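Peer 1: Below: one structure in structure tokens.
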Amino acid sequence: MRRRGAGMEARIEDFLRQHGLTTLARNYSCRGGEIDLVMRDRGVTVFVEVRFRRSAGFGSAAESVDARKQRRIVLAARHYLACHPALADGPCRFDVVAASGDPDAPLIDWIDGAFSA
């Protein structure tokens, strides 16, 4: 399961890089929170949560980023910005990339600005 998640995160990172984003960090974590990818998009720091669901039987991948998960992402983002003061005063956003279906050829739904802090 963990290996599939890492593979999907790498696939999504490649997808976002093809769309012009650059990677700052992968799997950034601090006490109480974790962020799959930290990227830059035209001067904006982007905190990306990657979710994969083979089927929507228990809800979509995007729906799994609930309020509790959002709080944990925001906590980690604040920690990241505190540790990188050059980025702290600039704009940032929270994206969710939801992948579903076949892990080898997933359908990708990039939700730009999925939630705010």
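The values are calculated or read from the model by the stated rules, or taken from the named source; none is laboratory data. As the structure is a computational prediction, the values presented were derived from the model and not from experiment. Please note: Cβ atoms are built from the backbone with ideal geometry, for glycine as well, and neighbour counts cover all protein chains shown.
Peer 1: Got at least one residue in region 64-77 being in a loop (DSSP other than H, G, I, E, B), surrounded by fewer than 13 Cβ atoms within 10 Å (Cβ to Cβ), modelled with pLDDT under 90 and among the aliphatic types (A, V, I, L, M)? Lay out the reasoning, then the answer.
Peer 2: Our first condition is that a residue be in a loop (DSSP other than H, G, I, E, B); within region 64-77, this holds for 65-66.
Okay, now just the ones that are also surrounded by fewer than 13 Cβ atoms within 10 Å (Cβ to Cβ), so 66.
Now drop any that are not modelled with pLDDT under 90, which leaves 66.
Pick out the ones that are also among the aliphatic types (A, V, I, L, M) and you get none.
No, that holds for no residue.
Peer 1: Here's another thing I want to ask about it. Of everything in region 89-117, what is outside any strand (DSSP E or B) and not polar (S, T, N, Q)? Give them in sequence order.
Peer 2: In the first step, residues of region 89-117 are kept if they are outside any strand (DSSP E or B); the result is 89-91, 101-106, 116-117.
89, 90, 91, 101, 102, 103, 104, 105, 106, 117, listed by residue number.
Peer 1: Please specify each residue of region 29-47 satisfying the condition of being among the hydroxyl-bearing types (Ser, Thr, Tyr) and either out of contact with any Cys (no Cβ under 9 Å at 6 or more places or on another chain) or under 13 Å from residue 71 (Cβ atoms) (or both).
Peer 2: Initially, region 29-47 is screened for residues among the hydroxyl-bearing types (Ser, Thr, Tyr), giving 29, 45.
Listed by number, the list holds a single entry, 29.
Peer 1: Can you tell me which residue in region 1-16 is modelled with the lowest pLDDT, limited to those that are assigned to a helix (DSSP H, G or I) and hydrophobic (A, V, I, L, M, F, W, C)?
Peer 2: Applying the first criterion (assigned to a helix (DSSP H, G or I)) to region 1-16 yields 2-16.
From what's left, hydrophobic (A, V, I, L, M, F, W, C): 6, 8, 10, 12, 15-16.
Working: 6: 75, 8: 87, 10: 93, 12: 95, 15: 96, 16: 98.
Here the residue is 6.
Peer 1: Does residue 86 qualify as being assigned to a helix (DSSP H, G or I), modelled with pLDDT of 95 or more and surrounded by 13 or more Cβ atoms within 10 Å (Cβ to Cβ)?
Peer 2: Values: assigned to a helix (DSSP H, G or I): yes; modelled with pLDDT of 95 or more: yes; surrounded by 13 or more Cβ atoms within 10 Å (Cβ to Cβ): no.
The answer is no for residue 86.
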